[in-house]
Each structure stands twice: as C-alpha cells, then as structure tokens.
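One structure is given below, encoded as structure tokens.
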Amino acid sequence: MSEPTPTSITISTTPSDPPSTILSLLRTNLLSVFNERSAPARQAAIAQAYHPSISWFESDGAILTGHEALDKRASELLASSPGFVFTPDGEGVVVQNLGMLNWNFGPEGKEDLVKGVDFIVVEDGLVKVMWTKVTKVPGE
C-alpha cells in the first residue's frame, strides 16, 4: 500500500465549517485519538475526523501523513506512557478554519509532566493538517 500524498491547504476567510465543528474536532483529536488506548475505537475516530491524506507536523520535526501513520504514532505515544492521560487546557480557539487547543499530559490525577498545543486546519468537516508544539517537558 502506498503512502498518501500530502495535499495543499486553504485558510479560508469564509469557512464552510462552523466554529463548533472545529472545536469538536480539536477535542476528538486529543481525547478520542491521542487519549484512546483501544485501537479499534481510535481507528474509528481517525476515520471520522481526519482527511485521508492528513499531514501532521510534530514538535520534533517529524512529518506524518495518512491515517495509518497517525494511528501508529498515537499508539506509540500511549504505549510509552502507561497511566498517562491527555487533558484539554481550556476550550480552544477558532479563527476562520484554523483551530488551536492547549493540552496537558501526565499521570492521571497527578501533576502534568508535559504541556503542548495543537493547531488544526479543517476543510469539509475533516482535519486536513495538524501541527503540534510541545511547550513543557520534565526537567524544563
């Protein structure tokens, strides 16, 4: 199977998706994909929320493309951090078809060890591109 090819994006001044859809996709990304330890549930959320050629630009410079790559990376993150959970830090912000959500990651019920922010561009009700910036890691 060949890898999906990244597609171009459009930042729209008149987006077709309402802010509520973009905010919902931000929460789905965080809670139903990156916080979901059940592979079938995570894969179903990915299929419903992301464009097939989703491009994700990670904080470390990695660029992942497509549903399979996104699922694999989410699984790796969760496997490397047993007992950790993602939680939203605020409600998120929407401008045109761009959404932003701050998040926390750490042991459930304890102080968050990692903080970051996700940015998404939404087209036709799907996340087409995502950027993640980690803003705090242990020891910083």
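Worth pointing out:
- Among the conditions (1) under 13 Å from Ser59 (Cβ atoms); (2) in contact with a helix residue (DSSP H, G or I) (Cβ under 9 Å, 6 or more places away or on another chain); (3) in contact (Cβ under 8 Å) with a residue 40 or more places away in the chain, Phe105 misses just one, which is (3).
- Taken over the range 52-86, the criterion of being touching a strand residue (DSSP E or B) at 6+ places or on another chain (Cβ under 7 Å), under 30 Å from Ser16 (Cβ atoms) and either free of Cβ contacts under 8 Å to residues at least 40 places away in the same chain or of a type outside the set (Gly, Ala, Ser) (or both) is satisfied by Ile54, Trp56, Phe57, Glu58, Ile63, Leu64, Thr65, His67, Leu70, Arg73, Phe86.
- Test: Ala45 is touching a helix residue (DSSP H, G or I) at 6+ places or on another chain (Cβ under 9 Å), closer than 25 Å to Pro19 by Cβ and small (Gly, Ala, Ser): yes
- Single residue of Val114, Val94 found to be more than 26 Å from Ser16 (Cβ to Cβ) and surrounded by 15 or more Cβ atoms within 10 Å (Cβ to Cβ): Val114
- Summed over the range 109-125, residues that are of a type outside the set (Phe, Trp, Tyr), within 16 Å of Gln96 (Cβ to Cβ) and in contact with a strand residue (DSSP E or B) (Cβ under 6 Å, 6 or more places away or on another chain) total 2.
- Residues in the range 108-140 that are touching a residue at least 40 places away in the same chain (Cβ under 8 Å) and β-branched (Val, Ile, Thr): Ile120, Val121, Val122, Val127, Val129, Thr132, Val134.
- Verdict on Lys128 being in contact with a strand residue (DSSP E or B) (Cβ under 8 Å, 6 or more places away or on another chain), more than 23 Å from Ser16 (Cβ to Cβ), basic (Lys, Arg) and assigned to a strand (DSSP E or B): no
- Of all residues assigned to the range 128-136, none qualifies as being over 20 Å from Asp60 (Cα atoms) and surrounded by fewer than 18 Cβ atoms within 10 Å (Cβ to Cβ).
- First in the range 14-36 and within 23 Å of Pro82 (Cα to Cα), second anywhere and modelled with pLDDT under 95 and surrounded by fewer than 17 Cβ atoms within 10 Å (Cβ to Cβ), Cβ under 8 Å, 6 or more apart: Phe34/Leu77
The values are calculated or read from the model by the stated rules, or taken from the named source; none is laboratory data. It should be emphasised that the depicted structure is a prediction, and the values quoted were computed from it without experimental measurement. Every residue, glycine among them, receives a Cβ derived from its backbone with ideal geometry; neighbour counts consider all protein chains shown.
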